[in-house]
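Below: one structure, written as structure tokens.
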Amino acid sequence: MFKWSKEFDNLDIYGDCFRYTLFLMNDVCIFGEMQALDANNALLHLLNGDMQIMKLAEDCYWTIVVFSMAHEIAHAYLAHIGKKYSERHLEKEEYDADAIAYDIVLKIIMKESNEEPILEKYTYLAPAMYMDFFDLYYYTDRVLYKTMLSDSEHPNPVKRKGKLFAIVDRDEYDFDTIDGNHLYGGFLDVYDEYRDQVFLKKEKGKLDKIIHTERRNRMRR
Ligand SMILES: [Zn+2]
């Protein structure tokens, strides 16, 4: 949505969308969960039934859902085939689960079918965006609250993303990816822009009002 807002060449709309993204991330930092219904309603009102952006979000959403579910099933599968990971190599298990999950996603995408596709081809990099999303969340927390968040069970999302790219580059996954690359390129533009804006505004003291360290500490406890 933040990307889409740039195309209006209207600073007010752009500012609203930036703030929404920032508030969303801030709330995730404070509450550890997504924003509430009223915020979503405000967002949907702004989108005002724009079918293109809704379809884009939905298509990416399903690819990420399949990836997440396949990742969890992969853990069960790895346990089932008796694969053992020592305490020191738990990260390896996460990478293996990601690799199996991404293989499943890519194979679903590549499967030729006369019916409606289950997952849209152009969303093939959505799992990478999913990792970028976690990275943005950690980044926001770092800038706003000066903490280093880490998930004790999963490796750093940037590293996970790197491994996903290594998988998709393999010869066995060969499909037309121009739209997918275009989508991811656009996503990275706003990813960078969001990071720059948050950092600059924080430095200038413009975000002081939305930083709720007390509330955050309470929620965390
Ligand atoms: Zn896992």
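The values are calculated or read from the model by the stated rules, or taken from the named source; none is laboratory data. Because the structure is a prediction, the values reported are computed rather than measured. Don't worry about glycine lacking a Cβ; one is built from the backbone with ideal geometry, like all the others, and counts go over all protein chains shown.
Couple of notes before you dig in:
- Count - residues of the range 51-68 that are within 12 Å of the ligand (Cβ to nearest atom) and of a type in the set (Gly, Ala, Ser): 1
- Count of residues meeting criterion [assigned to a helix (DSSP H, G or I) and more than 16 Å from the ligand (Cβ to nearest atom)] in the range 134-166: 15
- Within the range 170-192, if we keep just the residues that are among the β-branched types (Val, Ile, Thr) and assigned to a helix (DSSP H, G or I), the residue that is nearest to Leu125 (Cα to Cα) turns out to be Ile178.
- Out of Ser86, Ser113, sole residue that is closer than 23 Å to Asn156 by Cβ, free of Cβ contacts under 8 Å to residues at least 60 places away in the same chain and hydroxyl-bearing (Ser, Thr, Tyr): Ser86
- Listed by first and then second residue, the pairs with beta-carbon distance under 6 Å, at least 6 apart or on different chains, first residue in the range 165-184 and on the phi < 0 side of the Ramachandran plot and of a type in the set (A, V, I, L, M), second in a helix (DSSP H, G or I) and surrounded by 10 or more Cβ atoms within 10 Å (Cβ to Cβ), are Ile167/Ala99; Ile167/Tyr102; Leu183/Tyr122.
- Of the residues contained in the range 104-116, one or more are found to be modelled with pLDDT of 95 or more, closer than 23 Å to Asn181 by Cα and within 16 Å of the ligand (Cβ to nearest atom).
- One residue stands out in the range 69-95 among those that are charged (D, E, K, R) and within 9 Å of the ligand (Cβ to nearest atom): the one that is surrounded by the fewest Cβ atoms within 10 Å (Cβ to Cβ), namely Glu72.
- Filter pass, Thr213 being of a type in the set (Val, Ile, Thr), under 23 Å from Cys60 (Cβ atoms) and touching a residue at least 40 places away in the same chain (Cβ under 8 Å): no
- Qualifying residue in the range 67-81 (condition: modelled with pLDDT of 95 or more, closer than 21 Å to Thr177 by Cα and of a type outside the set (Asp, Glu)): yes
- Residue match in the range 147-163 (condition: of a type in the set (A, V, I, L, M, F, W, C) and modelled with pLDDT under 90): yes
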